[in-house]
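Visitor: The structure that follows is given in the form of structure tokens.
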Amino acid sequence: MNEYKTFIISIIQEAGNIALYYFTNSNKNKYYKKGLGVDVVSKADIEIEKYLRLKIKEKYPSHAILGEESGLEIGNSYKWIIDPIDGTVSYLHGQHHWGISIALSINDIVVLGAIYCPAYDYLFIAEKGKGVTLNNKKISPSSVKFLNQACVCTGFCCLRSQWEINNLPIFNEVATRVQGIRRLGSIATDIAFVACGKLDACWEMNVNLYDVAAALLIAQEAGANVSDMKGGNEYISNFPLVTNPYLKNQLLNIFNNYQIPFDTGEHNG
């Protein structure tokens, strides 16, 4: 794994340099509407994914690659999972909460994960069974034990997908139970912030594997609780709930009062 870890660090940091170039030269960063909703893709997203695919193919030509902007390139049992910028809207508005996410899976088990947040200069690196670091220092979740002392975070991909059954009712109830609630715009970075104790919990509906593959490994290796929004394992990559060691059941007690969209057939993942 050391070879892969060295490689992932080198390419994610260079991808961060590309991201910062467009971030500080916003006049050069055109963006386009993606799909039928309000989702967007920027020139930076496209250039970063192109760079990462090129470097991976040069180094490991037989490996598969799954990226947000270009889809799946079939290969062997090794697969790189890329989100060039998770939090594009925050990025385009000059906010700092966005990150580049890269994971490596073998036979669909994620064994390495990296998230680089260039505007914060935070580099999270996790290896399965070997722990996780933030800027070369070990991290762990918070020790907050009760929701009324917690700062939590969520997002609303479900609204962009125009779901009738969505996260808003849950958000409204959780907001009355916690010390603070945030909507920061990058589920990958949110999960990494739970891993290092900057947030106490986060959840979201209708995310994709490339959004969370690296982040979930980071959270698990830090000692956070990771499940889907029903407390199980079936929909972790689409409906993740990530908490410190104390808050999972308190949030599940709230979620269980609501219909989660994977019960309705609205979600096909």
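The values are calculated or read from the model by the stated rules, or taken from the named source; none is laboratory data. In this text the structure is predicted, and so the values were computed from the model without any measurement. Every residue, glycine as well, gets a Cβ built from its backbone with ideal geometry; the counts of neighbours run over all protein chains shown. These accessible areas exclude ligands, DNA and RNA; they are computed on the full protein's heavy atoms, side chains included. Shrake-Rupley method; radii C 1.70, N 1.55, O 1.52, S 1.80 Å.
Visitor: Sort F23, F193 by accessible area with a 1.4 Å probe, largest first.
Guide: Working: F23 45, F193 20 Å².
Output order, biggest surface exposure first: F23, F193.
Visitor: Taking 0.36 nm per residue of sequence separation and subtracting the Cα-Cα distance, how much length would be gained by fully extending the chain between Q149 and N2, in nm to one decimal? Before the final figure, lay out the partial values.
Guide: Numbers: separation 147, 0.36 × 147 = 52.92 nm, distance 3.94 nm.
Stretched fully, the Q149-N2 segment lengthens by 49.0 nm.
Visitor: Just the number, please: percent antiparallel of the DSSP beta bridges in the range 1-100, rounded to the nearest 5. List each step's numbers first, then the result.
Guide: Details: 7 of 11 bridges.
Just about 65 percent of them are antiparallel.
Visitor: Continuing with the same structure: Using the Cα atoms of the range 1-155 to build a convex hull, what is its mean projected area in square nanometres?
Guide: Details: hull surface 43.6 nm².
With the hull built on Cα positions only, its mean projection is 10.9 nm².
Visitor: Taking all pairs of distinct Cα atoms, average 1/r, flip it, and tell me the Kirkwood hydrodynamic radius of the range 122-163 in Å to one decimal place. Provide the component values of the computation, followed by the final result.
Guide: Details: mean 1/r = 0.0734 Å⁻¹.
The Cα-based Kirkwood calculation yields 13.6 Å.
Visitor: Find the percent of Cα-Cα distances in the range 52-128 that exceed 18 Å, and round it to a whole number. Each step should come with its number before you reach the end.
Guide: On the way: 1289 of 2926 pairs.
In whole percent, the share of Cα-Cα pairs in the range 52-128 beyond 18 Å is 44.
Visitor: Also, quick follow-up: Please work out the average accessible area per residue across the chain, using the 1.4 Å probe convention, and give it in Å².
Guide: Values: 11940 Å² over 269 residues.
Computed with neighbouring chains in place, this is 44 Å² per residue.
Visitor: Let me ask another. Looking at the chain, which Cys residues are left with no other cysteine's beta carbon under 4.7 Å from theirs?
Guide: C117, C151, C157, C158, C196
Visitor: Considering amide H positions built from the backbone, and no H for Pro or chain starts, which residues 5 or more places from Y122, or on another chain, come under 5 Å of its amide H?
Guide: HN-HN under 5 Å from Y122: C117.
Visitor: Once you sort the root eigenvalues of the Cα gyration tensor of the range 1-68 as a ≥ b ≥ c, which label holds: rounded (a/c under 1.5), prolate (a/b larger than b/c) or oblate (the other case)?
Guide: Numbers: a/c = 2.94, a/b = 1.62, b/c = 1.81.
Verdict is oblate for the range 1-68.
Visitor: Here is a follow-up. To the nearest 10 Å², what's Y51's accessible area with a 1.4 Å probe?
Guide: Surface accessible to solvent at Y51 totals approximately 40 Å².
Visitor: Next question, about the same structure. Which ³J(HN,Hα) values in Hz, rounded to whole numbers, follow from the phi angles of the range 47-64 under the Karplus curve 6.51 cos²θ - 1.76 cosθ + 1.60, where θ = phi - 60° and Gly and Pro get x?
Guide: 3J(HN,Hα) across the range 47-64, in whole Hz: 5, 5, 5, 4, 4, 5, 4, 4, 5, 5, 5, 5, 7, 9, x, 8, 7, 7.
Visitor: Average the reciprocal distances over every distinct pair of alpha-carbons in the chain, invert the result, and give the Kirkwood radius in Å. Kindly include the intermediate steps, with their values, before the conclusion.
Guide: On the way: mean 1/r = 0.0540 Å⁻¹.
So the Kirkwood estimate lands at 18.5 Å.
Visitor: Pick out which of V212, V40, V226 has the largest mean-square fluctuation in a Gaussian network model of the chain, springs linking Cα atoms closer than 10 Å.
Guide: It is V40.
Visitor: Ratio to report: Rg/Rh of the range 117-238, with Cα atoms as the point set and Rh obtained by the Kirkwood method; give two decimals.
Guide: Details: Rg = 14.2 Å, Rh = 14.8 Å.
Rg divided by Rh gives 0.95.
Visitor: Please state the charge dipole magnitude for the chain, taken about the Cα centre, from unit charges on C-beta atoms (+1 on K and R, -1 on D and E), reported in debye and rounded to the nearest 20. Display every interim value, and only then the final one.
Guide: Working: 24 positive and 26 negative charges, 118 e Å.
My answer is approximately 560 debye.
Visitor: Here's a follow-up. Sorted from largest down, what three extents in whole angstroms do the Cα atoms of the range 173-269 have along their principal axes?
Guide: 34, 31, 23
Visitor: First compute the accessible area of the chain with a 1.4 Å probe, then give the percent of it belonging to carbon and sulfur atoms.
Guide: On the way: 5550 of 11940 Å².
For the chain, the apolar C and S fraction of the accessible surface comes to 46 percent.
Visitor: Cut-off 10 angstrom, C-alpha nodes, Gaussian network model of the chain. Which of C202, C117, C157 fluctuates the most?
Guide: Looking only at C202, C117, C157, the largest GNM fluctuation is found for C157.
Visitor: Next question. Exposed loop sites here are trypsin sites (Lys or Arg not before Pro) in DSSP loop states with at most 16 other C-beta atoms within 10 Å. What is the longest stretch of the chain lacking them?
Guide: Working: sites that count: K30, K34, K130, K145, R183, K230.
Between exposed loop sites, the widest span is 35-129.
Visitor: Could you calculate the FRET efficiency of N256 with K28 from 1/(1 + (r/R0)^6), where r is the beta carbon distance between them and R0 is 45 Å, rounded to 0.05? Walk me through the numbers before you get to the answer.
Guide: Numbers: r = 48 Å, r/R0 = 1.06.
My answer for the efficiency is 0.40.
Visitor: Now for a separate question. For the range 40-89, count the residues as N, evaluate 2.2 N^0.38 Å, and divide the Cα radius of gyration by that value, please.
Guide: Working: Rg = 10.9 Å, N = 50, 2.2 N^0.38 = 9.7 Å.
After normalising by residue count via 2.2 N^0.38 Å, the value is 1.12.
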